[in-house]
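Written below as structure tokens is the structure these notes are about.
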Amino acid sequence: FFKSTNGSSTSYPSTIIKMTSHAETKIDCSKVYVKQSSFSNEETGMFDGAFAAVDIKEGELVEKGLMRRLPEGFDGNTCPYIFTWSTERPNKTWGMGSGCAPYYNTCKEGTANTKMVRFFDEDRFEIYANCDIKKDEELLHTYISLKWRTCFSELNDIVHADDSEHKADA
């Protein structure tokens with residue numbers, strides 16, 4: 001039984017139905033699910049992360065999706081939940097990602113198990129496995145704006161806490 005917010009109960013069939021992706025879909029995150037991040041705790045706060053729903057081989061497409069550009073004047077330096085959507089610096093183009101992509105947490109450059117390939121001119125992205133990924137493993141990619149966005153300054157310090165180069169830059 002499922003209990004709704006208004007207190008009523010609904011019965012759903014016990015059969016699990018496997019969802020499939022249509023060949024023409026622009027968004028496919030069928031290999032990914034979202035739950036509480038393995039990095040969240042009382043000290044860091046509670047937050048979600050993206051996880052592999054199946055084993056994924058190195059080089060395999062993990063997820064693909066669309067990016068919706070936010071209105072001109074939006075300041076992504078104050079909002080960690082949106083994407084840097086250009087290569088210009090300072091960045092003035094921000095986007096809202098589809099699927100599970102907003103839930104991939106970050107890590108130090110060179111240690112991520114996924115890589116996001118951005119097609120800025122088409123407002124779409126593809127995420128690939130950098131290595132073999134086991135089912136239920138948390139999916140991580142390095143945010144391209146981790147080192148310079150003000151909303152990531154504390155996160156950047158945490159990610160690079162053991163990095164002597166980062167300490168020298170501080």
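The values are calculated or read from the model by the stated rules, or taken from the named source; none is laboratory data. Just so it is clear, the structure is predicted and the values come from calculations on it, not from any experiment. Cβ placement follows ideal geometry from the backbone for every residue including glycine, while neighbour counts extend to all protein chains displayed. Side chains included, ligands, DNA and RNA excluded: accessible areas come from the protein's heavy atoms. Shrake-Rupley method; radii C 1.70, N 1.55, O 1.52, S 1.80 Å.
Of all residues in the range 52-75, which are among the small types (G, A, S) and under 15 Å from the mean Cα position of the chain (by Cα)? Before the answer, list the steps.
The first filter runs over the range 52-75 and keeps only residues among the small types (G, A, S), leaving 52-53, 59, 65, 73.
Passing the criteria: A52, A53, G65.
Would you please name the residue that is surrounded by the fewest Cβ atoms within 10 Å (Cβ to Cβ), looking only at residues in the range 94-126 that are touching a residue at least 12 places away in the same chain (Cβ under 8 Å) and aromatic (F, W, Y)?
The qualifying residue surrounded by the fewest Cβ atoms within 10 Å (Cβ to Cβ) is F120.
Need the failing condition index for T78 against (1) within 14 Å of the chain's Cα centre (by Cα); (2) open to solvent by 20 Å² or more (accessible area, probe 1.4 Å); (3) hydroxyl-bearing (S, T, Y), just the number.
(1)
At pLDDT 90 or above, open to solvent by less than 70 Å² (accessible area, probe 1.4 Å) and in contact with a helix residue (DSSP H, G or I) (Cβ under 8 Å, 6 or more places away or on another chain): which single residue out of L66, L70 fits that description?
Answer to the check: L70.
On the given criteria, is D136 under 16 Å from the mean Cα position of the chain (by Cα), modelled with pLDDT of 95 or more and surrounded by fewer than 18 Cβ atoms within 10 Å (Cβ to Cβ)?
Here the answer is yes, as D136 does meet what is asked.
Under 6 Å between Cβ atoms, which residue pairs at least 6 apart in sequence (or on different chains) link something in the range 78-89 that is within 16 Å of R68 (Cα to Cα) with a partner that is open to solvent by less than 20 Å² (accessible area, probe 1.4 Å) and polar (S, T, N, Q)?
T84/N91; T84/S145
When you go through D55, D28, D48 one by one, which is the residue that is open to solvent by 30 Å² or more (accessible area, probe 1.4 Å), within 17 Å of L155 (Cβ to Cβ) and at pLDDT 85 or above? Spell out the reasoning first.
Values: D55 fails: within 17 Å of L155 (Cβ to Cβ); D28 fails: within 17 Å of L155 (Cβ to Cβ).
Going through D55, D28, D48 in turn, just one is open to solvent by 30 Å² or more (accessible area, probe 1.4 Å), within 17 Å of L155 (Cβ to Cβ) and at pLDDT 85 or above: D48.
Assess whether N77 counts as being of a type in the set (S, T, N, Q) and out of contact with any Leu (no Cβ under 7 Å at 6 or more places or on another chain). Break it down into steps so the answer makes sense when it comes.
Working: of a type in the set (S, T, N, Q): yes; out of contact with any Leu (no Cβ under 7 Å at 6 or more places or on another chain): yes.
Criteria met by N77.
Using the structure shown, decide if R89 is of a type in the set (K, R) and buried (at least 16 other Cβ atoms within 10 Å of the Cβ). Even if it seems obvious, please write down each step before you answer.
Working: of a type in the set (K, R): yes; buried (at least 16 other Cβ atoms within 10 Å of the Cβ): no.
So R89 fails the test.
Among the numbered conditions (1) under 23 Å from A161 (Cα atoms); (2) free of Cβ contacts under 8 Å to residues at least 40 places away in the same chain; (3) not aliphatic (A, V, I, L, M), tell me where G73 comes up short.
Failed condition: (1).
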